[in-house]
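Below is one structure, written out as structure tokens; comments come after it.
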Amino acid sequence: MSKSTKVTVNDLHHFNLSLKDVDQLDSVETEHNHFHIIQERISYTAEISKTDFQNKCYTVKINNTDYQVNISNDLDNLIADMGFEIGASKKVDVINAPMPGLILDISVKVGDHVKADDSLLVLEAMKMENSIVSPHDGIIKSIAIKEGITVDKGDVLIEFE
């Protein structure tokens, strides 16, 4: 498999980006989730206003216009081509940390009824805020973390009943 990433913008525009393409991007982070970008001598301001890390979906505001950006790698594309969805047949009862990071916010408490895609918590990793959302409707059984602590990849964050 190649080392490329497929990027889809607003479900209309499709791009394949290599690591070389990303390295050549003239971008500077001006503040948290805000960037200044120069492309072909044109200046842009960009803000990552919403993140859904598990689904690799982001809302990016460029020069005050919102764009929905979906990112997939070769493995994601292969799984989709085979007609499978990641986790479609398995009910997730435990949310584990997808990467090491800092817990910024917890949106739920034990006993809460949540729906699929409800925000559970915000995990800061690599200077990005990642919203961890509920994979399905359910009831929060336990919360193994607190705001302000750091977690390692794989640490249990939240359990469902």
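The values are calculated or read from the model by the stated rules, or taken from the named source; none is laboratory data. None of the values given here were measured: they were computed from a predicted structure. Reconstructed Cβ throughout: ideal geometry from the backbone, glycine too, with neighbour counts over all protein chains shown.
Where in the stretch 87-161 are the strands (runs of 3 or more DSSP E), entirely inside, with at least 2 residues that are farther than 28 Å from Leu75 by Cβ and free of Cβ contacts under 8 Å to residues at least 60 places away in the same chain?
101-106, 138-143
When you go through (1) under 30 Å from Leu19 (Cβ atoms); (2) among the hydroxyl-bearing types (Ser, Thr, Tyr); (3) touching a Phe, Trp or Tyr at 6+ places or on another chain (Cβ under 9 Å) one by one for Ser134, which number turns out not to apply?
So Ser134 meets the others, but not (1).
Determine if the stretch 89-102 includes at least one residue that is at pLDDT below 90 and more than 26 Å from Gly138 (Cβ to Cβ).
No, every residue in the stretch 89-102 fails to be at pLDDT below 90 and more than 26 Å from Gly138 (Cβ to Cβ).
Being assigned by TED's automatic domain parsing to the domain that holds Lys153 and crowded, with 17+ Cβ neighbours inside 10 Å is the requirement here; does Asn130 meet it?
yes
Looking at the stretch 1-80, what strands (runs of 3 or more DSSP E) fall wholly within it and have at least 3 residues that are over 18 Å from the mean Cα position of the chain (by Cα)?
13-18, 26-31, 34-39, 42-52
Count, please, the residues in the stretch 34-78 that happen to be loosely packed, with under 14 Cβ neighbours inside 10 Å and more than 23 Å from Glu124 (Cβ to Cβ).
13
Any residue at all in the stretch 107-116 that is exposed (fewer than 14 other Cβ atoms within 10 Å of the Cβ), outside the structural domain of Ser27 (by TED's automatic domain parsing) and at pLDDT below 90?
yes
All but one of (1) modelled with pLDDT of 90 or more; (2) under 23 Å from Gly138 (Cβ atoms) hold for Phe53, so report the exception by its number.
(1)
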